[in-house]
Every structure is written in structure tokens, then in C-alpha cells.
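Step one of this worksheet: look at the structure below.
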DNA sequence: AGCGCTCCCGTGAGCGCTCACGGGACCCGG
DNA sequence: CCGGGTCCCGTGAGCGCTCACGGGAGCGCT
């Protein structure tokens, strides 16, 4: 889909309206902004002129004067993934409390589009926040000089300001839960873009620490969608039929995994247990409901806005780490 | 949640940078915008000055000059309702194709907040689109003079430009499907804010036309959430135990209804069938999957942007009516 | 008549930036 | 020695609007 840039009809200015109504700019301004010191009849005439010219004040000229409006650019990977509406919900709420505007960029998990979004964000917004899929993209953000609150992408963001998730302890909750239920041979469905992602490494480390049988072959990578999860679980169980427990990168993949398992005639959790990550409402809808490592995503969005506000004020926001907790439901 | 407006640190201007670097505005502009006619060493010095002053060009001043950036304000009711991410997805895609910005307003289904959103939208965006819950809100939009593409709210929007849904024919598909399956006594779970909403009226009219037993008591109103649907179905079935088929305002309510039914020990669709509206992906996740009147919501979002573009060009977009179709899955 | 007040309305300045110029410094060839 | 070119850099103007002022007209009062 590509559309040729429509030659926007030249907008009428305040001067045009003034000329048509036979008054000065200032009088037009008074009429349009509902201010005092203007005769009722004059106001009527001006407003009529404004309507016939289809006049609308330029937000740029206005913004130039009362420079109080703040705009936050929010970068998300895929609004079709239920994780992001959840996040956006928190961001929107916090932004509204501060009277900020939120402009949304959906990058479709494409690093190149992330860079583009970041670039336009840099001169369209005052501050940014969101998930960045690779360190290279983060580096680009830094180079652009935009104040940006990085939301935990799963890899180490170094000293970049933002909101983190204590991924290792979350993964530990999941793996320990599987181990406690007696599963000795477990697998993982990974959904990370970046090899530096912490979930996979944590999974392998903790599983081994607990004496479980895992190796690199017990991890299957998949696109982060329900279909991806279903396909991955098929591959994983056919390669490793002995596996009785699966940890997934997120809840969307968990839902897909459960679907795939059921489609293959396996019972969840009896034949194979599944533990997700994120604790989305989505997980409660399916049968069985997904046991998951819960993180308060909305709150994460709110904290992101708070961090952005700190950046805007020229201060360094103190690092925040979201502590996950296990929500045991039906799938494990 | 209410935050006191942080006294934003006064931003450095191009002049400040120029002074610090000992050059003119124009030279700073050349350095920052990566243009020619500047010495490499000078450029380095300027950029350094810019960094120490934390300089970022004002988007307003820029916008005032190259007035090419278009911003669309999108008003949605509740991003937590899966319908809206679906819509936003289409809007975002079309907006990106035109190189537009999208600013998002979530009104939480509150008409008062809709009015507020509309007001700020009016001077922050070039054009708007979205769902408006009452005719009064639409009237406010018209009064403000913002070009606005109304997405079909279910009630008659008169001559307002936008994208409509052929609700009556959609409702007909649902009711005829229930009738064809032999259901004679059916009910509805309504989720409309406005009494003028077409779904309820269409439901009653078509049911009667088909000779089914319905009256006003066969319709239960509910907040548009899964919990709302579950509560409503409980009320409806206890009041009218003879009902064997239910049509719901949307898929979210349908999912709730199915939950409520199953919780009450009823089988779906054997004991009570359910037909939803919208055809969201959500409906395929639950057990049984929701039979629903499908509307291509993403496409609706794209069409909304197209209509907005027409408005911006000063033309009247030709009215579009989305034609729904029935997607039979498991719940009816 | 003269003063002060209210009610309207208009004019200059300036928000921060870019565009279109103009112009100095320097080098080169004739 | 001078015209012409290249390489840099700076100055005025103006984008569309609002703020701070100034000021004319009309009225009532002393």
C-alpha cells in the first residue's frame, strides 16, 4: 500500500480571515479563542468568515508560542499482539494524567522500521518510550539524542534509562514450578529476535541448576504469534517426545503451544504442561487457562511515562525493575 | 492518578547553540541538518555545543516552515477491548503508507472524555477519526470544525462523513442463522450506550419478521466486557430459561456469554447457542469458537484514513458501507 | 470644557526555525 | 593584475500565531 502525497489544499491563515471579515488578526484571534474585548456582532462576522474559508489555526504556530504541549512517542512491535495494547493502556493512562499526547508507531518487529520510527519520532515528539529489538537500534536512538525510556527488551540495555523486568527471577519461577510438578525433561519455545535475549539463557541455566535434562535442542525458536507457537510445539514434541513440560517466551506462544498440543491429541497439563510469560488476560480465556509468569504490564507503561518525565526534566530516572510473580492456572 | 505539571527545563534554542559555538544560526542549522557548505571542524564544534546544551530543534518551529507533516487523531473507546487494537492496526498501516502521524486518545467509553479528547484533538491534529458514543459528541465535533471521519457507532450519523457498517444486514445474518438452526425463542445481550443504536432495533424487527418469540424483556443490557457478558447471560437465562439462542452486541460480550453459560452448567451450542458480532480473532481462541458476524475491522481502519485524506483535501469522501458476513464456527 | 472610564480594535514584536540571498577569503588561469 | 570559481559563513525575511501595548470613540461627571 503506497499512496502518492496528496497536494494538501493550502490552508487559510488568520490573515485571510481578517481580510475577509475586514478586521485585524488580533480580532480574529479574539473571536476564535473566545476571548473578551470583542463586539458580539463582530465576533459573529469573523466566525462566519472563518467558516467559509475553512480556517483552522495552525497547531505549529500556536505551539511555538505557548510551548506547553508535550508529546510522547510510543514505539511498539505489533499492536496485533495483545501484549502491546496492555502496555499502551498503561502509557495512555499515565500520559493523560499529565496531559500529554501519545503518538503511536507500530514497527511490525522490523528493526529497520524501528529505526525509521525512531527518526521521525525524534523530531515529532518530545520524548520516546518503547521496546527496541536490538542493541543497534538502541544505539541509533542514543545517537539521535532523543530522550528515550527503553522498556525491557530482554537483553541488557546497559545504562540506558527505562523500565526493566527481572527476567531471570521470572524464568526461575516458571522452571521451578515445572520441576516441583515432577517434570524432569522440559523444553522451551523461544521468540526472541536477539541472541542476547535473557530468557533462553536463563532457562537453560536454571534448568541445569535444578538438575533437569535440557540442551540447546530442547529450545525451539518461533515467530511470536499463536500460529508460531503451535508450529513450534509440533516441531519440539516430534523431535523430543519425552518432554513433559514447556516454558514459552510469552503468553501468545503459550496459547499457540496449548493449541498445537491439543491438536496433536495431547492433554494439557497431563501429557504436557505449559508455562507462559507475561500473565496476559488472554491466557485466562483459553482452555485450560495458561499458567504464567505475571508482570504488571500496565504498570510498566505507567512507569515508562514517569521515566520519560524524568528525562524531560533533565534528570536521570532511577532504574526500576519489575518483579514477576507466578500465576498458577490450569496449564501447569 | 494526577501529576503536577513539571516545570519543563527551558529548552536551548538554535541561537544558544550558535552563541556557544561562536557561529550563526544558519551554521548551526547546517550542522544539525547535515547539510553542505560547512567545514568539517566547524560542524564538529557545533554538534558538541549542541550536545552540551542538550539542544533539540523545536518541532513547532520546523513544522511552521515545512508544513508537510500530517497528524491524524484517533479516538477509541477502550484499548483493552480487542476490537480497538484491530482497528488501530488498520489505521496505523494506512497512516504509515501516507507518512502520517497517529495520536491516540482512549476515552474509556466516557462521553465526557470523548468531548475532551475531541477538543484537544481539534488543535493538535489535522484530522480525526474514531468512534463517538452519542450524537451529542458528534455535534460537538462538528461545532469544533475538525474534519472528522466517523466510524459507525451503530446509530445513524446522518450526513457525517466516515465509514459505516451495514448493521441491519449483519444482524439479519445472525438471527436467520439462529432461526435456521431451529431456535424459536432467542434473546440478545446489548452493549450500546445510545438508545438509538441499530443492533437492538434490528434484532427485534428481524426476529419478529421471522416469527420468533421476542420482546423487550428478551434483551439484556451489559457493559461491553467479558465479565459484563457473563453477568448478563446469567440474568437473561434466569429470567427467560426457555431461550435457546442468544445474539450479542459484539464478540467480547459473546465470549463472556459463553463463559457464563458454561459456568452455569449449560452446553454451548447444544443447550444455548451464541452468535457474536465483529468476528474478532479472539473468538477463535475460546471453546467453542464463537460463531460471529464478521466485519473486516482492519480494512475499516484503512478506509477511515482514506476518508480522512479526502476531508483534508477539501473533498467530501463518498460514503462507504462495510458488508458483514457470517462466520460459522462452534458456538451456534 | 476637561477628565477619566469603559468598550473595542489595531500595531509591533517575537516564538524558533529554514530559505534565499549576499559576501568575504582564497585559489587559479589568462 | 584581474575576472571567475569554490568554499564557507552570515543576514534579512518570513512561516502563523499570540502577547503586550497603544489608542480612538463614546459616555458621564465635575
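For the subset of region A:116-136 comprising residues that are in contact with a helix residue (DSSP H, G or I) (Cβ under 6 Å, 6 or more places away or on another chain) and at pLDDT 95 or above, which member is surrounded by the fewest Cβ atoms within 10 Å (Cβ to Cβ)?
Only one residue tops the list, namely A:127.
Quick check: is even one residue across region B:94-115 over 27 Å from residue A:68 (Cβ atoms), surrounded by fewer than 22 Cβ atoms within 10 Å (Cβ to Cβ), more than 8 Å from chain A (Cβ to nearest Cβ) and in contact with a helix residue (DSSP H, G or I) (Cβ under 8 Å, 6 or more places away or on another chain)?
no
Listed residues A:209, A:220, A:227; which is within 15 Å of residue A:109 (Cβ to Cβ) and without any contact (Cβ under 8 Å) to a residue 40 or more places away in the chain?
A:227
Please name all residue pairs, on different chains or six or more residues apart, with Cβ atoms under 6 Å, provided the first residue is in region B:306-321 and is surrounded by fewer than 19 Cβ atoms within 10 Å (Cβ to Cβ) and the second residue is at pLDDT 90 or above and in a loop (DSSP other than H, G, I, E, B).
B:310/B:317; B:321/B:166
Give the residues of region B:8-22 that are away from DNA strand C (no atom under 12 Å from the Cβ) and either more than 24 Å from residue A:311 (Cβ to Cβ) or touching a strand residue (DSSP E or B) at 6+ places or on another chain (Cβ under 9 Å) (or both), sorted by residue number.
If the condition is that a residue be away from DNA strand C (no atom under 12 Å from the Cβ) and either more than 24 Å from residue A:311 (Cβ to Cβ) or touching a strand residue (DSSP E or B) at 6+ places or on another chain (Cβ under 9 Å) (or both), then B:21, B:22 are the ones that fit.
I'd like the full set of residues that are out of contact with any strand residue (DSSP E or B) (no Cβ under 7 Å at 6 or more places or on another chain) and within 20 Å of residue B:131 (Cβ to Cβ), limited to region B:274-304.
Selection gives B:280, B:281, B:282, B:298, B:299, B:301, B:302.
Considering only region B:175-197, I want to know if a residue exists there that is touching a strand residue (DSSP E or B) at 6+ places or on another chain (Cβ under 6 Å), part of a strand (DSSP E or B) and on the phi > 0 side of the Ramachandran plot.
No, region B:175-197 contains no residue that is touching a strand residue (DSSP E or B) at 6+ places or on another chain (Cβ under 6 Å), part of a strand (DSSP E or B) and on the phi > 0 side of the Ramachandran plot.
Please go through region B:40-60 and give me each residue that is within 9 Å of DNA strand D (Cβ to nearest atom) and within 14 Å of chain A (Cβ to nearest Cβ), ordered by number.
B:46, B:60
Okay, residues lined up against (1) closer than 18 Å to residue B:172 by Cβ; (2) assigned to a helix (DSSP H, G or I):
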position: B:275; (1), (2): yes, no
position: B:288; (1), (2): no, no
position: B:292; (1), (2): yes, no
position: B:301; (1), (2): no, yes
position: B:308; (1), (2): no, yes
position: B:311; (1), (2): no, yes
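Residues being within 8 Å of DNA strand D (Cβ to nearest atom) and under 30 Å from residue B:316 (Cα atoms): count how many of those fall in region A:61-80.
Qualifying residue count, region A:61-80: 2.
Mind listing whichever residues of region B:277-303 are away from chain A (no Cβ under 12 Å), in contact with a helix residue (DSSP H, G or I) (Cβ under 6 Å, 6 or more places away or on another chain) and on the phi < 0 side of the Ramachandran plot?
Passing the criteria: B:292, B:293.
Filter region B:29-54 down to the residues that are in contact with a helix residue (DSSP H, G or I) (Cβ under 7 Å, 6 or more places away or on another chain), more than 7 Å from DNA strand C (Cβ to nearest atom) and within 14 Å of residue A:145 (Cβ to Cβ) and list them by number.
The answer is B:31, B:46, B:47, B:49, B:50, B:53.
Yes or no: region A:61-68 includes at least one residue that is at the interface with chain B (Cβ under 9 Å from one of its Cβ atoms), within 15 Å of residue A:308 (Cα to Cα) and surrounded by fewer than 20 Cβ atoms within 10 Å (Cβ to Cβ).
Taking every residue of region A:61-68 in turn, none turns out to be at the interface with chain B (Cβ under 9 Å from one of its Cβ atoms), within 15 Å of residue A:308 (Cα to Cα) and surrounded by fewer than 20 Cβ atoms within 10 Å (Cβ to Cβ).
I need the full set of residues from region B:245-269 which are surrounded by fewer than 18 Cβ atoms within 10 Å (Cβ to Cβ) and not in a helix (DSSP H, G or I), in order please.
Listed by number, the residues that qualify are B:264, B:265, B:266, B:267.
Against the conditions (1) within 12 Å of DNA strand D (Cβ to nearest atom); (2) assigned to a helix (DSSP H, G or I); (3) surrounded by fewer than 16 Cβ atoms within 10 Å (Cβ to Cβ), where does residue B:37 fall short? Just the number, please.
Among (1) within 12 Å of DNA strand D (Cβ to nearest atom); (2) assigned to a helix (DSSP H, G or I); (3) surrounded by fewer than 16 Cβ atoms within 10 Å (Cβ to Cβ), residue B:37 violates only (2).
State yes or no: is residue B:214 within 23 Å of residue B:328 (Cβ to Cβ), crowded, with 16+ Cβ neighbours inside 10 Å and at pLDDT below 95?
The answer is yes for residue B:214.
So, in region B:13-34, how many residues would count as being assigned to a loop (DSSP other than H, G, I, E, B) and buried (at least 18 other Cβ atoms within 10 Å of the Cβ)?
1
Each row is one residue, and each column tells you yes or no for (1) touching a residue at least 12 places away in the same chain (Cβ under 8 Å); (2) over 22 Å from residue B:298 (Cα atoms).
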{"site": "B:115", "(1), (2)": "yes, yes"}
{"site": "B:123", "(1), (2)": "no, yes"}
{"site": "B:128", "(1), (2)": "yes, no"}
{"site": "B:157", "(1), (2)": "yes, no"}
{"site": "B:165", "(1), (2)": "yes, no"}
{"site": "B:174", "(1), (2)": "yes, no"}
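The values are calculated or read from the model by the stated rules, or taken from the named source; none is laboratory data. Everything numeric in this text was worked out from a predicted model, so none of it was measured. A quick note on method: Cβ atoms are made from the backbone with ideal geometry, for glycine too, and the neighbour counts reach across all protein chains shown.
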